[in-house]
Amino acid sequence: MLPRIKLTDLLMDIAYITGFHEQFIHASNNRKPDKEETIIIMAALLGMGMNIGLSKMAEATPGLTYKQLANVSQWRMYEDAMNKAQAVLVNFHHKLQLSSYWGDGTTSSSDGMRMQIGVSSLHADANPHYGTGKGATIYRFTSDQFSSYYTKIIHTNSRDAIHVLDGLLHHETDLNIVEHYTDTAGYTDQIFGLTHLLGFKFAPRIRDLSDSKLFTIDKASEYPKLEVILRGQINTKVIKENYEDVLRLAHSIREGTVSASLIMGKLGSYSRQNSLATTLREMGRIEKTIFILNYISDESLRRKIQKGLNKGEAMNGQARAIFFGKQGELRERTIQHQLQRASALNIIINAISIWNTLHLTKAVAPYVTSRLGTY
């Protein structure tokens, strides 16, 4: 049986085991936190990650004041520090022996978690999901080892697919992601094309698959057994004419010269006449057709995709349970503060994953020793 532990104690234990707290370097004097400041940082993480706020956290924590929590929130918990702290946790978990039982860290999924925003915010969108209110989406990337390696705040009404490559390319962990799963909202023809160019295997779970169009380079009549499901022909001419430009675009995205979400958003809004958008679409249709044919014929692929998506959905379920304060509503007006809350939540999630994995390892050790010898 796993021991029971308070979340406050769990976070402190994982901080001293992994050293992730050392990433919260002061933005002004470049000083790492000392023991007292580490306690304040952990309290601030809990206040934000559980969505109870710094004021309530100060009231519930003897010896700490709101001023102390607000100070570390401003000077130590900036975006880069939060990302590096998350990376330390994910990397530590990745190296644990038991983590390989769930996966090897090469596949992942991404899924959005809608959050209602209870204050006026330029980043909040109206959506039927919120009733009369507005909200945003926490878009989370989950590895096959049950670690959350990247998160961002996106507009609820923007398509998830626009943001897929941001997480795959710009996480700061040691994970070598080669295959990625999404639901229908995470895919477009252009994403199929760009993920292929960037070396990723893209495998979405597509809703209403029977309505999807399949394409061929030759005439459909060249494939009599498939002719009934082939509904279009690839424009190879536009691919040949613009291939070098598309490669340059992919290189710019890979090097971080321009963000993938910015480019994908612009390409998605361009007219059909835009050569780059058309070329990526045609290349993506080739990859999508190959994928769908494999998906239909390979039950193990379908199971693998579903399993990967289930892990992401389970992670979102855990996130909602942790983020219980203020009825699960975000009360921050700026995207920077919203992302700070989402990142604090991610740190807590990853700390829990490490703690569970460490204690599961201890729990199964006697059994493994009895079966295999020294563990």
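For residue 146, are the conditions met, namely being under 17 Å from residue 316 (Cα atoms), in contact with a helix residue (DSSP H, G or I) (Cβ under 7 Å, 6 or more places away or on another chain), aromatic (Phe, Trp, Tyr) and in a loop (DSSP other than H, G, I, E, B)?
yes
Residues that are assigned by TED's automatic domain parsing to the domain that holds residue 289, within 24 Å of residue 145 (Cα to Cα), hydroxyl-bearing (Ser, Thr, Tyr) and in a loop (DSSP other than H, G, I, E, B): does region 176-198 have at least one? Don't jump to the end; show me each part of the working.
Of the residues in region 176-198, the ones assigned by TED's automatic domain parsing to the domain that holds residue 289 are 176-198.
Now narrow it down to the ones that are within 24 Å of residue 145 (Cα to Cα): 176-187, 195-196, 198.
Remaining after also requiring hydroxyl-bearing (Ser, Thr, Tyr): 181-182, 184, 187, 195.
Now drop any that are not in a loop (DSSP other than H, G, I, E, B), which leaves 182, 187.
Within region 176-198 (the criterion being assigned by TED's automatic domain parsing to the domain that holds residue 289, within 24 Å of residue 145 (Cα to Cα), hydroxyl-bearing (Ser, Thr, Tyr) and in a loop (DSSP other than H, G, I, E, B)), the answer is yes, since at least one residue qualifies.
Got a sec? Which helices (runs of 4 or more DSSP H) wholly within region 256-375 have at least 2 residues that are more than 30 Å from residue 219 (Cβ to Cβ)? So that I can check it myself, show each step before the final result.
Working: elements: 260-269, 275-297, 299-322, 335-372.
It comes to 260-269, 299-322, 335-372.
Of everything in region 203-252, what is under 26 Å from residue 309 (Cα atoms) and modelled with pLDDT of 95 or more? Give them in sequence order.
Once the filter is applied, which keeps residues that are under 26 Å from residue 309 (Cα atoms) and modelled with pLDDT of 95 or more, region 203-252 yields 203, 204, 205.
For a quick check of your reading of the model, give me the residue pairs whose first member lies in region 47-68 and is under 16 Å from residue 348 (Cβ atoms), whose second is among the basic types (Lys, Arg) and surrounded by 17 or more Cβ atoms within 10 Å (Cβ to Cβ), with beta-carbon atoms closer than 6 Å and at least 6 apart or on different chains.
48/341
Pairs only if they're at least six apart or on different chains, beta carbon under 6 angstrom, first in region 300-318 and aromatic (Phe, Trp, Tyr), second buried (at least 17 other Cβ atoms within 10 Å of the Cβ); list them, first residue then second.
none
Assess whether residue 96 counts as being crowded, with 22+ Cβ neighbours inside 10 Å, over 14 Å from residue 342 (Cβ atoms) and in contact (Cβ under 8 Å) with a residue 40 or more places away in the chain. Walk me through how you get there before you give the answer.
Details: crowded, with 22+ Cβ neighbours inside 10 Å: no; over 14 Å from residue 342 (Cβ atoms): yes; in contact (Cβ under 8 Å) with a residue 40 or more places away in the chain: yes.
When the stated conditions are applied, residue 96 does not pass them.
With respect to residue 300, determine if the residue is touching a helix residue (DSSP H, G or I) at 6+ places or on another chain (Cβ under 6 Å), of a type in the set (Ser, Thr, Tyr) and more than 30 Å from residue 239 (Cβ to Cβ).
No: the conditions fail for residue 300.
Modelled with pLDDT of 95 or more and farther than 28 Å from residue 177 by Cα, is that true of residue 69?
The answer is yes for residue 69.
Give region 103-128 a look and list any residue that's surrounded by fewer than 17 Cβ atoms within 10 Å (Cβ to Cβ), within 21 Å of the chain's Cα centre (by Cα) and not in a loop (DSSP other than H, G, I, E, B), or say none.
Residue satisfying the conditions is 114 alone.
Filter region 197-214 down to the residues that are over 12 Å from residue 164 (Cβ atoms), of a type outside the set (Lys, Arg) and touching a residue at least 40 places away in the same chain (Cβ under 8 Å) and list them by number.
197, 206, 209, 212, 214
Test each condition in (1) part of a loop (DSSP other than H, G, I, E, B); (2) among the β-branched types (Val, Ile, Thr); (3) under 17 Å from residue 261 (Cα atoms) for residue 137 and report the one that comes out false.
Among (1) part of a loop (DSSP other than H, G, I, E, B); (2) among the β-branched types (Val, Ile, Thr); (3) under 17 Å from residue 261 (Cα atoms), the lone unmet condition for residue 137 is (1).
If you take the residues in region 249-268 that are under 14 Å from residue 167 (Cα atoms) and touching a residue at least 24 places away in the same chain (Cβ under 8 Å), which one is surrounded by the fewest Cβ atoms within 10 Å (Cβ to Cβ)?
Applying the filter and picking the extreme gives 256.
The values are calculated or read from the model by the stated rules, or taken from the named source; none is laboratory data. Fair warning: this is a prediction, and the values are worked out from it, not measured in the lab. Ideal geometry is used to build each Cβ from the backbone, glycine not excepted, and the neighbour counts take in all protein chains shown.
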